[in-house]
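The values are calculated or read from the model by the stated rules, or taken from the named source; none is laboratory data. Quick caveat: nothing in here was measured; it's all calculated off a predicted structure. Virtual Cβ from ideal backbone geometry, glycine too; neighbours counted across all protein chains shown.
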């Protein structure tokens, strides 16, 4: 599969009110991508002088979405012989599976499966490569600041206060009134990391480490081939494991999904 280049003209920075109106997103969503049109929209409010790293990580996150596997669902309406209508909608995106949408892409009646897992995979890659982005010439000042003793001390204090690891913190400010930047979707990634760990324990002879298990999900994101990861999840969590994992779509459902998977895992271990 050949890589492709996303030109800068496909990235649009919009005033906040226009961004909310056009994208119809929640207030806290700073960027969104449209794979069928290969466009990225970014909320102008997030493009700040104090934290330019946030802009670059947002762009990187959305580019990972655009580079994911995409397939479409097509419907031809031949009821009107004089004007045959064709509808195309997004059926697959990365590992996300959309229910068929017959008239327009953002149908409110559609349902997305594996949306939470999809975001977990993308945000994990963002976490992995955020330090690499600091090598950009535009971010030299940010790199120097974040590697300073003062910034490291702030990150340590935040990690201790919120009971998280320091690598969950992408950026901190010299100004204590400014919010730090964290890796997004921690609740989705918590479930993802649990799944990875359990698959490694169950199928240890197949994988040398957890990173190699994670790579299977990353490959599925870019190729769209779900069967290999479906088999791993089913072997580890039982017949319903993959269906349960597919229902994760928000923070509350992520907590519920993890509990169900833990219960299934106990049953699998008791049988062995």
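Restricting to helices (runs of 4 or more DSSP H) lying wholly in the stretch 192-272: which have 2 or more residues that are closer than 22 Å to residue 127 by Cα and not assigned by TED's automatic domain parsing to the domain that holds residue 93?
Values: elements: 210-223, 227-237, 241-246, 251-271.
Hits in the stretch 192-272: 210-223, 251-271.
Go over the candidates 216, 211, 252, 235 one by one and state the one that is over 15 Å from the mean Cα position of the chain (by Cα) and farther than 15 Å from residue 197 by Cβ.
252
From the list 250, 177, 144, exactly one residue is farther than 29 Å from residue 70 by Cβ and modelled with pLDDT under 95. Which is it?
Numbers: 250 fails: farther than 29 Å from residue 70 by Cβ; 144 fails: modelled with pLDDT under 95.
The conditions single out 177.
Quick one: residue 268 ticks every box in (1) surrounded by 15 or more Cβ atoms within 10 Å (Cβ to Cβ); (2) more than 13 Å from residue 114 (Cβ to Cβ); (3) at pLDDT 95 or above except a single one, so which number is it?
It is condition (3) that residue 268 fails.
For the stretch 234-257: of the residues being touching a residue at least 40 places away in the same chain (Cβ under 8 Å) and farther than 15 Å from residue 114 by Cβ, which is surrounded by the most Cβ atoms within 10 Å (Cβ to Cβ)?
236
Would you mind telling me which numbered condition in (1) within 30 Å of residue 230 (Cβ to Cβ); (2) part of a loop (DSSP other than H, G, I, E, B) residue 135 fails?
(1)
If the requirement is being over 30 Å from residue 145 (Cα atoms) and surrounded by fewer than 19 Cβ atoms within 10 Å (Cβ to Cβ), which of these qualifies: 208, 186, 180?
208 is the lone residue from the list that is over 30 Å from residue 145 (Cα atoms) and surrounded by fewer than 19 Cβ atoms within 10 Å (Cβ to Cβ).
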